[in-house]
Amino acid sequence: MDKSIDKAVADLGRDIGEYIRQQRNTAKISLRQLAKLAGVSNPYLSQIERGLRKPSAEILQQIAKGLRISAEALYVEAGILEQREGGALADAIVTAPDLTERQKQVLLDVYESFRRENAAKNTDHTEE
């Protein structure tokens, strides 16, 4: 296997691990607490955070649930999903820990409707 591919995969593992650690620290949850909430062992979660293990999509989903963030946000960070249209605002909505999944979806729907409306206006009117 190409060494540059190995390095890219290793970097992805470090990046997602660092992101999980940042989210855990922001949420003021200990490693032990998150491991329990996510249903994984302390050593395994520690290895993920240090970039030694690259978690599966299923493990990421469990970690997201434990952190009370969107699994989609972790999938984007891990390189499993493409970043959604809408950029930083959509990402902020998706990762907001104090919103329910339903609230997040409603906000994203409203935001997207505004974007479509403005795009339609811009194509209908050409201002000089």
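The values are calculated or read from the model by the stated rules, or taken from the named source; none is laboratory data. All values derive from a computational prediction rather than experimental measurement. Using ideal geometry, Cβ is built from the backbone for each residue, glycine included, and neighbour counts are taken over all protein chains shown. Just so you know, the surface numbers come from the protein's heavy atoms only, side chains and all, with ligands and any DNA or RNA stripped out. Shrake-Rupley method; radii C 1.70, N 1.55, O 1.52, S 1.80 Å.
What the table below lists for this structure:
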quantity	calculated
Helices (runs of 4 or more DSSP H) completely within the range 1-73 that count 2 or more residues being touching a Lys or Arg at 6+ places or on another chain (Cβ under 9 Å) and modelled with pLDDT of 95 or more	31-38, 42-49
Some residue of the range 101-123 being open to solvent by 50 Å² or more (accessible area, probe 1.4 Å), outside any helix (DSSP H, G or I) and modelled with pLDDT of 85 or more	no
Residue within the range 89-99 that is assigned to a helix (DSSP H, G or I) and at pLDDT 90 or above present	no
